[in-house]
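Every number in this text was worked out from the coordinates using simple rules, so none of it is lab data. Not measured: the values here are computed from a predicted model. Reconstructed Cβ throughout: ideal geometry from the backbone, glycine too, with neighbour counts over all protein chains shown.
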Amino acid sequence: MGGAIKLIKRMIVRTFFLILITLLLTNCSTTNHTKTEKKILDYESSGSVLNALSLGVPGAAILFLTVDINNYLKFNLNEKEIKMHTDAIQIALNNTPNGKIVSWYNGDRLSSGKVRVVKTYYKNDRYCRIFQSYIKLNGAKKHNTKHVCKVNNVWKF
């Protein structure tokens, strides 16, 4: 019985230590108090909280959860960045050959993005393109690939 209590106490101390380190590292990073308007979803998860718990590693589960929450909070685009990224997508789709990169950069928050058309094709008498987009914001990165077709002279996602 005493061994189980010692094990539980050790796990609590380790968990507390991991949370403390995570909070210290999070608070050491720079923050920008610019009002943000939009969240980018589908960021890449750091690991599976449920898998860590099922393997009996609650400290890892808390660490994964903390990193995921931190990444989610980092991915906030403001109106200026949304417009810059949307404009880059439109320029790439309407004006560039396959492989050409259209980039944007916001020096106010050190955010940036790139768009590149990777394939052009026709489907059902429609002009279609596949493009990749990349956004870097607050040290976090997101990459996405989309298929779009032009309908009545407008790109439909």
Between THR120 and GLN90, what length in nm is gained on full extension when 0.36 nm per residue of separation is reduced by their alpha carbon distance?
-> 9.3 nm
Using label points projected 7 Å from each Cα along Cα→Cβ, tell me how many nm separate ILE101 and ILE82, to one decimal.
-> 2.7
dims of the stretch 79-156, Cα set, principal axes, largest to smallest, nearest Å -> 43, 20, 17
Label-point separation (nm) for LYS156 and LYS141, each offset 7 Å from Cα along Cα-to-Cβ?
-> 3.4
